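Contents: one structure, followed by commentary.
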Amino acid sequence: MSDFWDWWQHLPQNIDPVIFQIGSFRLQYYGLMYVVAFAITYFLVLYRVRHEDKFDISKNQINDVMTYMILGLIIGARFGYVVFYNLSYYLKHPLEIILPFSFANGITFTGISGMSYHGGLIGVTLAGWWYTRKAGINFWNGVDLFVTVIPLGYTFGRLGNFINGELYGRVTTAPIGMFFPMAPTRELRHPSQLYEAFFEGVVLFAVLWGIRKIKAPSGAFLAFYLIGYGTFRFIIEFFREPDAHLGPVFLSFSMGQVLCSLMMAAGLFLYFYLQQKQAR
């Protein structure tokens, strides 16, 4: 058994995040995981449209809305990180919001680093709303279609974080902890990326997929998703290392927990609003 724990605890150090490299071009698992995530979401949405008769949307419209949602995700996640996690820095360095360079000490290529899940959620929702309004599709019906399958795609995004060795957890003495090369200290840390992949991804998908045919107000699955994800993420944040430049932002709670609290409250409000709307 000790051999297993030794293998487990050193696993992040033995994973090469680069699949292959040709010259300066590198294909990394992180990017591949996002391709897999979008592909799974796309094909599960198609499956639902073909096997459930409550969705009035064509394959071409699905293709179009997926394009809008991907753009909304990228833009929202980036600006969400800027606003929620490092606003003071980017107010002083606004070009770094959209350019892959740091101008703090000369010009240094850094890539675009820093994405926020909550910002991405806002971006995806606004992009979906914009497209459905333009295409004459019922927004709430479209939300019910997509939000049920999104968690399974999200699983692969978190696996990408794990392979990259980023977003690691807090220090622990439990054997489930791992050594992450990018961590500031060589101590066992919770593999919080895997916790998120399982609970916010696999478990939440299983729950939403299992209840997808229940009678509920149109749009209610967005409320279920907000409450479910917010609850899982709030708990897992106790095991995840807070951003070093932020730390706790309210009492002992991290920025992620503050945002998830708002997310759960929004989910509850949305559900009761949709119930009242249906009753009229």
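Put simply, region 182-280 fits an ellipsoid with semi-axes of 32, 17, 6 Å; these come from the alpha carbon gyration tensor as the roots of five times its eigenvalues, largest first.
Considering region 227-280 at the alpha-carbon level, its Rg and Dmax are found to be 14.3, 49 Å. Between 159, 141, 191, the Cα set farthest toward the positive side of the dipole of region 139-249 (charges on each charged residue's Cβ, about the Cα centre) is that of 141. Oblate is the label for region 1-71. Its Cα gyration tensor axes, ordered a ≥ b ≥ c, give a/c of at least 1.5 and b/c at or above a/b. Just want the answer: with Cβ charges of +1 for Lys and Arg and -1 for Asp and Glu, which residue in 43, 221, 2 is farthest toward the dipole's positive end in the chain? The listed residue farthest towards the positive side: 221. A Cβ-based charge dipole, computed about the Cα centre of region 13-98 with Lys and Arg at +1 and Asp and Glu at -1, lands at about 80 debye. Taking label positions 7 Å along the Cα-Cβ direction at both residue 213 and residue 174, the computed distance is 3.7 nm, reported to one decimal. Can you work out the PRE-style zone for residue 43? Point 7 Å along Cα to Cβ, and I want the residues of region 141-157 with backbone N under 19 Å. Residues 146-157 qualify, since their backbone N sits under 19 Å from the label point.
With the largest listed first and rounded to whole Å, the semi-axes of the equivalent ellipsoid of region 119-187 from the Cα gyration tensor are 39, 12, 9. Restricting the calculation to Cα atoms, region 180-233 yields a radius of gyration followed by a Dmax of 15.8, 51 Å. Computed from the Cβ-Cβ distance with R0 of 25 Å, the FRET efficiency linking residue 5 to residue 252 stands at 0.25.
Maximal additional length on extending the residue 203-residue 60 stretch stands at 48.5 nm, based on 0.36 nm per residue less the C-alpha distance.
Let me spell out the model: positive unit charges on the Cβ of Lys and Arg, negative unit charges on the Cβ of Asp and Glu, origin at the Cα centre of region 120-224. What dipole size does that give, in debye rounded to 20? Show your work: numbers first, answer last.
Numbers: 9 positive and 5 negative charges, 54 e Å.
Taking the Cα centre of region 120-224 as origin, the dipole is about 260 debye.
Each label was represented as a point 7 Å from its Cα along the Cα-to-Cβ direction; for residue 14 and residue 279 these points are 5.8 nm apart.
Listed by chain and number, the lysines whose C-alpha is less than 25 Å from the C-alpha of residue 277, apart from same-chain residues fewer than 8 away, are 54, 134, 213, 215.
Scattering from region 54-103 was approximated by placing one identical point on each alpha carbon and applying the Debye formula without solvent; log10 I(q)/I(0) at 0.17, 0.21, 0.31 1/Å stands at -0.61, -0.75, -1.11.
Bear in mind these aren't lab numbers, they're just calculated from the coordinates by the rules spelled out. None of these values were measured; they are calculated from a predicted model. With ideal geometry, Cβ positions are generated from the backbone for all residues, glycine too; neighbour counts draw on all protein chains shown.
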